[in-house]
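The structure appears right after this line, and notes come after that.
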Amino acid sequence: MEYFIDALKKYADFTGRARRKEYWMFVLMYVVIIIGLGILDAIIGIGFISMLVSLALFVPSISIAARRLHDTGRTGWWQLISLIPLIGIIVLLVFLSQDSHDANTYGPNPKAVEDI
């Protein structure tokens, strides 16, 4: 949950880098929350609570993905490749899953900084 809260604190911060663990833990919590709210929506019969939360978490999702791409040495604009049907999403998942690169134009390696 700490990674999720940290991502929300950096709501619209598109600078810097995010470790692989930070990104995927955010995605995991996001999916769990959306599934839980989807079930709650179905039980209550309202149907828009999960949509509102998804909308509220849209910008943090984009910003943490941009920071994750920065960690792999790519610009955040690579997220637009997901607009290409099927192939774009696969390529983006490969980019997001790659290991951190050494210090680059986006800052020092977060793994090296955290280990100190």
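FYI, it's all coordinate maths here, none of it is from the lab. Everything numeric here is computed off the predicted structure, so don't read it as measured data. All Cβ positions, even for glycine, are placed from backbone atoms using ideal geometry, and neighbour counts span all protein chains on display.
What the table below lists for this structure:
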item: Ascending count of other beta-carbon atoms within 10 Å, so fewest first, for PHE4, PHE14; result: PHE14, PHE4
item: Kirkwood Rh, angstrom, the stretch 1-96 [1 / mean 1/r, Cα pairs]; result: 14.1 Å
item: Extension gain from VAL94 to ILE34, taking 0.36 nm per residue of separation minus the Cα-Cα distance; result: 19.2 nm
item: Added length on full extension, which subtracts the Cα-Cα distance from 0.36 nm per residue, ILE43 to LYS21; result: 4.6 nm
item: Charge dipole magnitude, Cβ of K and R +1, D and E -1 - the stretch 5-116, Cα centre, debye nearest 20; result: 100 debye
